[in-house]
Amino acid sequence: MAENKMGPNIGAGAGGFAKLVQKSLNRAQEKVMQKLGKNMETKDEQFEQYSQNLLKQQNDGGRLSKDVKAYFSAVKVMHETSKRLSQTLRDVYEPDWQGGEDLSVIMESEDLLWNDYEEKLTDQIVRTMENYTGQFHEVKERVAKRGRKLVDYDSSRHHLEALQSAKKKDDAKITKVWRDYCCSSITEHFPSCLKPDWMLRDRLSKHFQPEGRLL
């Protein structure tokens with residue numbers, strides 16, 4: 001019973017694997033023919049420009065994310081250093097010195113400001129950068145997929161042209177390849193997430209405002 005149930009599933013899996021292998025071979029053959037100049041390669045200049053912009057955004061975002069993390073780490077170190085300085089002042093401050101009664105209030109207020117600054121950096125900058133850079137992997141996968149679809153499109157188009165120009169035409173094959181040609185047409189637009197991230201720019205331009213209150 002179990003063997004009978006598994007048999008069709010194994011057959012379907014093998015058939016699907018064979019199709020993937022054949023598609024990979026067709027892509028490889030199409031790329032070779034294009035490099036040799038025997039097949040014309042479909043170009044999408046606008047999409048290529050978008051791809052270049054994607055790479056630039058990823059590189060710039062990576063650099064910016066690295067520096068933001070370094071800045072945030074430096075802020076945390078500065079906060080700890082400020083707390084140690086405050087504790088040292090509290091230890092060495094003599095009771096009869098002027099302003100001694102206000103020292104604790106000033107130190108607590110300063111610590112609250114540092115905490116508030118760290119929280120705002122985390123919410124408005126660090127997490128924003130993590131979300132921004134985190135989307136590149138998915139978008140690059142979509143770009144790669146579209147590139148493969150473009151190769152499939154060219155492969156189907158050239159196969160169809162060869163069948164249509166043959167002396168002995170095979171209508172069944174022509175119909176099948178025509179379906180593949182229509183299915184491989186490039187209709188997917190470039191992801192909207194690659195548009196300029198004005199929210200990121202605005203938050204970066206504002207993130208120094210909390211720091212000003214500590215100076």
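The values are calculated or read from the model by the stated rules, or taken from the named source; none is laboratory data. Since the model is a prediction, treat every value here as computed from it, not as a measurement. Ideal geometry is used to build each Cβ from the backbone, glycine not excepted, and the neighbour counts take in all protein chains shown. Quick note on the areas: whole protein, heavy atoms, side chains included, nothing else; ligands and nucleic acids left out. Shrake-Rupley method; radii C 1.70, N 1.55, O 1.52, S 1.80 Å.
Given the condition in contact with a helix residue (DSSP H, G or I) (Cβ under 7 Å, 6 or more places away or on another chain), surrounded by 10 or more Cβ atoms within 10 Å (Cβ to Cβ), at pLDDT 85 or above and of a type in the set (S, T, N, Q), answer yes or no: does some residue in region 81-94 qualify?
yes
Out of everything in region 125-169 that is open to solvent by less than 30 Å² (accessible area, probe 1.4 Å) and of a type in the set (S, T, N, Q), what residue ends up being farthest from K69 (Cα to Cα)?
Ranking the qualifying residues of region 125-169, first place goes to S156.
So which residues in region 18-54 are surrounded by fewer than 13 Cβ atoms within 10 Å (Cβ to Cβ) and among the hydrophobic types (A, V, I, L, M, F, W, C)? Outline the logic, then answer.
The initial filter retains those residues of region 18-54 that are surrounded by fewer than 13 Cβ atoms within 10 Å (Cβ to Cβ), namely 18-22, 24-25, 28, 32, 35-38, 40, 42-43, 45-46, 48-49, 52.
Correct list: A18, L20, V21, L25, A28, V32, L36, M40.
Looking only at region 113-124, which residues are within 10 Å of H79 (Cα to Cα) and either hydrophobic (A, V, I, L, M, F, W, C) or not in a helix (DSSP H, G or I) (or both)?
Listed by number, the residues that qualify are L113, W114.
Given the structure, is V68 part of a helix (DSSP H, G or I), within 30 Å of G134 (Cα to Cα) and β-branched (V, I, T)?
So V68 fits the description; yes.
Among V139, V126, V151, which is at pLDDT 90 or above and under 31 Å from the mean Cα position of the chain (by Cα)?
V126
Restricting to region 31-55, give me the number of residues that are within 14 Å of the chain's Cα centre (by Cα) and either modelled with pLDDT of 90 or more or not in a helix (DSSP H, G or I) (or both).
0
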